[in-house]
Structure formats: C-alpha cells, structure tokens
Amino acid sequence: MDSPTTTAPAVERVEWWRSFVFRFVAVYTGLTLALFAAVIISANVFERHQVEDHFGAILRTIVANTAPRIDGDLLAGISSDADAGTPAFRAVVGLLDDVRQTNELDEDLLYVLRPAPDEPGAFSFVAMLQARTFIGDRYRPPAHIEPLYARALAGEVVQSDIYMDENGAFISGIAPIRDGAGAVVALLQADYRLMRYLDEVRDQTRTSLLFGAAILILLVATGLRMHRVLQRHIVRLLSGTAAIRQQIFDHRVPVQSADELALLAEAINQALARLQERAEMMRFLPHHTQEMIARVLEQGAHKVDLSEGREVEVVVLETDIRGFTALSETLSPAETITLVNRYIEAQAEKILEFGGSIDKYMGDAVLVIFEGSDRAARALRCAADILHAVDALNRREGRSIQIGVGASLGAVIMGNMGCETRMEHTVIGPTVNLAARLCSAARGGELVVQAALVDAAHARAPELAGALSQSEAIQVKGFSTPIPVKRAMLADLPRG
C-alpha cells in the first residue's frame, strides 16, 4: 500500500450541494424513497380495487337476482309508516329478510328506494328491515354516485365504487324494480359497510409509513455513511490531481481498497511517478530547451521534430578550468567528478541568478546562453561573479584552481540537432565559436570579452565596462580578421 508523503497538495473542493457524492447519495435515497412510496400507494390502490371488484360483484348479483322477485305494484300502496303493517309491506320485507339471512347482510343495508316526485335526484325509503320504520324519509345520494341511480332508473343493474356519506363508507349494488307494465318504479339497494376495512387500510398504511420512515432513516444513515466514505476517497483522488496541477510529483494517493476507485488511484500514482521521472529528467535540460518544448507543445504539436530552429541574438559565455587534465591525473574518478561538480555548482548558482541558460557541460567547461534585452549586462555581471565565486571556493577548499572565461555577442542558430532517437536543442554559429576561442585565450582568473559586448553592456553595467580597460585585437582560429576584445583579471573586476 502506498502512503502519502509529507508534501500535501492543497485540494480545491466544491460547495456541498454541487458535490457529485452528495448528488449521488441524494438521488439514491430519493429514488429509493419514491419507489417505496409508489409500492405503498400501488398496493393500497390495488387492494381497494380488489375490494370494490369482489364486494361489488357480490352485491350486484344479490340485487340482480332479488329485484325481479319484488312486485313493483305492491310498492304503490306503501307511502308512510302507517303502511308498515300492510300485507304488501310485510311481503316485501319478508323477501328482503330472506335475502339478508342468506347473504349475511346487515339489516340496515338492504332496502328499497323510490324516486321523490317533488325533488329531482332525491329518493324516499319504501321498505327496510329495521324494527323502527322510516317509510317516506328522504335520501339524497352523494353527488359522485348520482349517475349510478340514473342508470338504475333506466333499467341497468349497477355497482358503485367505495364512497363516503354522512353514515360512513360503503359500496353498493343497485337494481331496478318494475311494475306489472315493466316500468321501473323503485330501486333495490344492498350495501356493505366498509369503515372497518378502511380503518384496517389506514392502520396498514400507518404501519407502512412507519416502516417507510424507518427505512428512510436507515437510507439516510446509509447515505451519510456512503457520503463520508465516497467523499474521503474522492478527496484522496483530488489530492492526486491537485499534486499534478501543483507539480508536487512525489505525492502518492493512498490505495486502501480493490475497487474502481483503487484502480483510478493507482493510475494517478503511476502518472505522478512518470511525471516525477520527467521532472528529474528536466533537470538535465537547459532552460532554453525546456522553453522550446513548452512552446512547441502549446502550439498543439504532439512531439518536437528536427525542423525546430530560429535565429536569435544572444550572448554566448564559456568557462573552462585551467590545467584540469594534469590535476585529474592525481585524483580518483570519484574524486574527479566530485571536484568538477563542486566548481560547476558554484558557477551554476551565478548563471541562474543572472538569468543565463546552461546549454551544455563539456567536461570541465560550461557553455551558457543569455537572451533578453539586457543580456549583455547580465552576461558581464555573471562572468565577474563566476570568477569571484571560484576564488571564494578556492579559499574554502584550500585549492588554487583557476578558470578562464570568454564571451561573445551576436546572432546564433538555435535549433534541434541530432536524430529522432537522440536530439539536442542547442546553438551553433560563429558567435558560439568565438566565445570558445576567447575562453581559450583567457588565462586562469581572466575574463576575455568581445569589445562589441562591452559596448552593448556599458549603459547597464558601467563599472564592469570600465574595469575591462585592456583593449586589443587578437587573431583567433576560424576568423579571417583580428577580433577586438577587452580583458580584465579577477583582481580588477568588481562583483556583478
């Protein structure tokens, strides 16, 4: 398992309501709750329809079979409670009681109604099974089932859905009663009282809701747990992307599981390791080479090719340790490398301080390029400070190693040299050659500079330009005419 390093990248977080983890958990919980609610509602609706279909069919059958057995002509003589003792009333009630007992109906839920002639939509009770009769009392059905009564009066046997009135919740079957001429003169109605059923449904619904609330609490608790776990994993993954963005390539994302997030963490760690390798490799590239690579990639190219090249005005500075070959003969290979690196490091610090770019190391020699509008002044200051830095190192080390420094100003060709498998972004041209020749012409502890370079730096580095007082023209290899130069020893050079 990889563990994070002490370098912790700053992780940018979004607001909690924009968090993918929060939205995921919220959607997961919401959908589960919605599904649960839909199941409860669907179960209630299904059960309600089952009850309506079952009891409605029974009631419909009862009234459909009973209504034809009632003589509608007998009902004409029943108009008030005074008619409760007549043979016609007793005959109708006797039939109703037989039907009630056979079908186990409540005595108050089987009765005969007659349309009220003076009140459209209202009915009067004609026959009932209760001991206390109420013949002629009015009854107006609930508005939403009034169409059923109209259909029954038209001769159709109907059944209702569950409905509510002032006496409770019911489901009814209604059938027409006809007289001898076949005209519908009354209606037979049989009811089931469903309050107990509805109470049971409410109890079941309440129980289901309580169960749903418990499920919801469990889901929320699980969701919060998932949120914390996922948030922790995502923050770890974000630490990896933040490390890439902030170039903290030694950071590693902890891998603590074996799921997709772990695979993603391992992929980020592999990317960080590759980037760390490249970052280490970049230390071996000159600054101007790094800039070239960045420039080419920013332009959308997928790789750097050999055609990359341009002409630029630069200062080329070269340093070289004097008498190093003889010195290295007295040292072991490890001691030689250590010594060279110590003196090159002292020079590199100054080169970086003055904005130079180390083009290459050539054994104990260093080739440096200065670009920019004040390149001449920076190059002169850097050259003077390099000589002083080497002198200070000699005093600390108890050595007497000397370097020579040469510098030239002019145009160079900066481009990619080599082949596809090994190339180098470097500079070529007479200006580079001249810097090398002037370095060779410099004695230990001496700076030899092209006169044109001193003139270009005079405005920004007058004290150094004044110190380079020895002027001459020297003949150098590869140039047909003598080159005007200026010289100065370490003792005459102020610090840059």
So, in nm, how far is label Phe479 from label Glu266 when the simple model puts each one 7 Å beyond its Cα toward the Cβ? 6.2
Here are a few candidate values for Rg and Dmax of the Cα atoms in Å: (1) 21.8, 67; (2) 22.2, 71; (3) 53.0, 155. Which one was actually calculated from the structure I just gave you? (3)
When you take every Cα atom in the stretch 303-492, what is the radius of gyration, and what is Dmax, the widest Cα pair distance, in Å? 16.7, 49
If r is the Cβ-Cβ distance from Asp97 to Thr207 and R0 is 51 Å, what FRET efficiency results, to the nearest 0.05? 0.85
Zone of Glu104's modelled label, taken as backbone nitrogen in the stretch 53-72 under 18 Å from a point 7 Å along Cα→Cβ: 54-63
In degrees between 0 and 90, to the nearest 10, how far off the longest principal axis of the chain does helix 430-441 point, with axes built from Cα atoms? 50
Given Cβ point charges of +1 (Lys, Arg) and -1 (Asp, Glu) and nothing else, what value in debye, to the nearest 20, does the dipole of the stretch 70-193 about its Cα centre take? 140
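As a footprinting exposure proxy, order His388, His54 by other Cβ within 10 Å, with the fewest listed first.
Numbers: His388 16, His54 12.
Sorted ascending by nearby Cβ count, the order is His54, His388.
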Assign unit charges at the C-beta atoms only (+1 for Lys and Arg, -1 for Asp and Glu), then state the dipole size of the stretch 21-130 relative to its Cα centre in Debye, rounded to the nearest 20. 660
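Give, rounded to the nearest 20 debye, the magnitude of the charge dipole that the chain has about its Cα centre when Lys and Arg contribute +1 at Cβ and Asp and Glu contribute -1 at Cβ.
Numbers: 48 positive and 62 negative charges, 480 e Å.
Magnitude of the dipole: close to 2300 debye.
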Cβ-based charge dipole, the chain, positive-most Cα from Ser79, His388, Gly136: His388
Pulled fully out, how much extra length does the chain show between Arg342 and Asp199, if you take 0.36 nm times their separation in residues and subtract their Cα-Cα distance? 42.0 nm
Would you work out which of Ala88, Val476, Val99 lies farthest towards the positive end of the dipole of the chain? Charges go on Cβ: Lys and Arg +1, Asp and Glu -1. Val476
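Could you give the length gained on full extension between Ile145 and Asp492, defined as 0.36 nm per residue of separation minus the Cα-Cα distance, in nm?
Numbers: separation 347, 0.36 × 347 = 124.92 nm, distance 11.86 nm.
Between Ile145 and Asp492, full extension yields an extra 113.1 nm.
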Semi-axes of the equivalent ellipsoid for the stretch 70-193, Cα gyration tensor, largest first, Å: 20, 17, 14
Step through the residues of the stretch 131-146 one at a time and calculate ³J(HN,Hα) from phi using the Karplus curve (6.51 cos²θ - 1.76 cosθ + 1.60, θ = phi - 60°), rounding each to whole Hz and writing x for Gly and Pro. 5, 8, 7, 9, 5, x, 4, 8, 9, 10, x, x, 4, 6, 10, 3
Pop a pseudo-label 7 angstrom from the Cα along the beta-carbon direction at both Arg48 and Arg443 and give the gap in nm to one decimal. 11.3
Normalised by the number of residues in the chain, what is the relative contact order in percent for Cα pairs under 8 Å and 6+ residues apart? 12
Whole-Å distance linking the alpha carbon centroid of the stretch 127-178 with that of the stretch 424-444 is 117
Suppose R0 equals 56 Å; then what is the FRET efficiency for Ile215 and Met362 from their Cβ-Cβ distance, rounded to the nearest 0.05? 0.15
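Can you give the FRET efficiency for Glu424 and Gln256, using 1/(1 + (r/R0)^6), R0 = 51 Å, r = Cβ-Cβ distance, to the nearest 0.05? Intermediate values should be presented prior to the final figure.
Working: r = 44 Å, r/R0 = 0.87.
Efficiency, rounded to the nearest 0.05: 0.70.
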Can you work out ³J(HN,Hα) from phi for every residue in the stretch 486-491, in order, using Karplus 6.51 cos²θ - 1.76 cosθ + 1.60 and θ = phi - 60°, giving whole Hz and x for Gly and Pro? 10, 10, 7, 8, 3, 5
Give me the one-decimal nm value for the distance between modelled label points at Thr241 and Ala326, 7 Å along each residue's Cα-to-Cβ direction. 6.4
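What's the exposure ranking of Glu260, Glu311, going from fewest to most Cβ atoms within 10 Å? Please list the in-between numbers first.
On the way: Glu260 8, Glu311 11.
With the fewest neighbours first, Glu260, Glu311 line up as Glu260, Glu311.
Just so you know, all these numbers are worked out from the coordinates, no wet-lab data involved. The model shown is predicted, which means the values in this text are computed figures rather than measured ones. Quick reminder, even Gly has a Cβ in these numbers, built from the backbone with ideal geometry, and neighbours come from all protein chains shown.
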